[in-house]
Amino acid sequence: MSPRTIAVLHREAMMAEGIAAGLARYAALFPVAVGTTAEEGERLGTRAEAVALDDRLPGADRVAKRLSRSGVKVVLIGETGQDSRPRISTESPISSLARALAPDAIDGSRSLVALTKREREVLGLAAQGLAAKQVARRMGISPKTVEQHKTRIFTKLGVPNQAAAVAVLARSENGWDTWNRTTI
């Protein structure tokens, strides 16, 4: 799973910033630019792998075509249009936009099933705020073994660190509480 850099272009600055903030909650999505005009969109879009673009932004169609031709993934935000570009309704949750922009980057929650029972236990204890030494003591293993488990967890979930792994756990379909009760 590779991280995605995202540019958000919306005709209203506050909406663009809010969408970017919502996307930033996903560990593998990195909003790198926010803009409110088509001119900004063309310039900022080249700094990103994907662009969330307000379909009512003046010049949106032109920007979408140019960015798409240059290899940038473009997802329009707005009502269903006549073209074949991906679109997300403004009534959809931010998770729908995140999934449309980078499905491989946010579907890490499915990888939770790939974790061994021991890895799930380590992740669960880490999610409770325990340090590696505390996890080791509780599980009766060495801190080095805990770190090895964490490294494998990060690899399986496709995340860079413990905070991102805990975020994947928190975003999982069942949520933290259900997962915690059934796996630990």
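The values are calculated or read from the model by the stated rules, or taken from the named source; none is laboratory data. Everything numeric here is computed off the predicted structure, so don't read it as measured data. Cβ coordinates were reconstructed from backbone atoms using ideal geometry, including for glycine residues, and neighbour counts include every protein chain displayed.
Scan the range 1-33 for residues that are over 13 Å from the mean Cα position of the chain (by Cα), at pLDDT below 95 and among the β-branched types (Val, Ile, Thr) and jot them down. Answer for the range 1-33, where residues must be over 13 Å from the mean Cα position of the chain (by Cα), at pLDDT below 95 and among the β-branched types (Val, Ile, Thr): just 32.
Taken over the range 34-62, the criterion of being more than 19 Å from residue 86 (Cβ to Cβ), in contact with an Asp or Glu (Cβ under 8 Å, 6 or more places away or on another chain) and either aromatic (Phe, Trp, Tyr) or not in a loop (DSSP other than H, G, I, E, B) (or both) is satisfied by 34 alone.
In the range 102-175, counting only helices (runs of 4 or more DSSP H) that sit wholly within it, the ones holding 2 or more residues that are surrounded by 17 or more Cβ atoms within 10 Å (Cβ to Cβ), modelled with pLDDT of 85 or more and touching a His at 6+ places or on another chain (Cβ under 9 Å) span 117-127. The numbered conditions (1) without any contact (Cβ under 8 Å) to a residue 60 or more places away in the chain; (2) over 30 Å from residue 157 (Cβ atoms); (3) in contact with a helix residue (DSSP H, G or I) (Cβ under 6 Å, 6 or more places away or on another chain) are all true for residue 12 except (3).
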